[in-house]
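Below is one structure, written out as structure tokens, with a few remarks after it.
Bear in mind these aren't lab numbers, they're just calculated from the coordinates by the rules spelled out. This structure is a prediction, so every number in the text was calculated from the model and none was measured. So basically every Cβ, Gly included, is an ideal-geometry build from the backbone, and we count neighbours across all protein chains shown.
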Amino acid sequence: NGLVAVGGSNDSDDTIEAARWTGGGTSISGLGHLSGGGDLSEARGASSTGSVIVGASDATAGLRAFRWTTSGISVLPDIPGMLVDAAANDVSDDGTVIVGNANNSPSTTVQPHAVRWVGPGFASAQLLGTLPGASFPTSNARAVSANGAIVVGTANDENSDDAAFLWDAANGMRKLRDVLQTEYGL
């Protein structure tokens, strides 16, 4: 509704903290950092009312995806057995579906894969896959539809280029260009 904006705020100690602006920009409040974190947290998305905010924060284990509500900031699960490096980028209107990326390698943090976390428990990160034929299979979910059913983002394709993707439960991850051509004749 335009009454809540999110991002980061730099304080006098060069600490960047996830922040929430309310009242049409008249009030700002910090959202904090995850436990064991250092000096970086950033809000990247908010539900339609601004009551659920998502982003990334450094923590003891590395960069972690978080979910914030009026109860405070909490970490979202990583992919078991993989090095920690994750971020939440967007959240559905009602706050029950969160999308972003999580590292999918046990030995390096340069292999992000698109994920979604589904509430109410947000118990695990669901891998959304990568595009077929990708030479370096990586992906990142950037946004989710209002109802949480459709996810869009970028993924490495068969030409080693970043390509826009569209994901839904029925079809999985597909190159957006292909969907527009085959289903919409564009």
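Within the listed set Ile98, Ile28, Ile79, the residue fluctuating most in the Gaussian network model of the chain (springs between alpha-carbon atoms under 10 angstrom) is Ile28. Rounded to 0.05, the FRET efficiency of the Thr60 and Leu176 pair, given R0 = 41 Å and the Cβ-Cβ distance, is 0.65.
Distances between placed amide hydrogens fall under 5 Å for Leu63 paired with Ala86, all partners being 5 or more residues away or on another chain.
Fully extending the segment from Ala5 to Ala164 would add 54.7 nm, taking 0.36 nm per residue of separation and subtracting the current Cα-Cα distance. Protection proxy ranking, highest mean first, for peptides 132-140, 55-63: 55-63, 132-140, where packing is the per-residue count of other beta-carbon atoms within 10 Å, averaged.
The simple Förster model, with R0 at 45 Å and r as the Cβ-Cβ distance, assigns Ile150 and Asp39 a FRET efficiency of 0.80.
Backbone geometry of segment 32-37 corresponds, through the Karplus equation with coefficients 6.51, -1.76 and 1.60 at θ = phi - 60°, to 3J(HN,Hα) couplings of x, 10, 5, 3, x, x Hz, x marking Gly and Pro. Between the amide H of Arg44 and those of Val54, Gly55, Ala56, distances stay under 5 Å, these residues lying 5 or more places away or on another chain, with hydrogens modeled in the peptide plane. Applying the Karplus relation 6.51 cos²θ - 1.76 cosθ + 1.60 with θ = phi - 60° to segment 87-104 yields 3J(HN,Hα) values of 8, 9, 10, 7, 9, 5, 3, 8, x, 9, 10, 10, 10, x, 9, 9, 5, 10 Hz, where x marks Gly and Pro.
Close amide H pairs (under 5 Å, H built 1.01 Å from N) link Leu83 with Ser105, Ser107, Thr108, residues at least 5 positions away or on another chain. Full-extension gain between Ser124 and Thr109, please, as 0.36 nm times their residue separation minus the C-alpha to C-alpha distance. So the chain would gain 3.5 nm between Ser124 and Thr109.
The phi torsions of segment 136-146, fed into the Karplus equation with coefficients 6.51, -1.76 and 1.60 and a -60° offset, translate into couplings of 10, x, 9, 7, 8, 7, 9, 8, 10, 5, 3 Hz, rounded to whole numbers, with Gly and Pro shown as x. Positive end of the dipole of segment 1-50 (Cβ unit charges, origin at the Cα centre): among Asn1, Leu34, Trp21, the Cα lying farthest that way belongs to Asn1.
Computed extension gain for Tyr184 through Ser48, at 0.36 nm per residue and net of the alpha carbon distance, reaches 46.1 nm.
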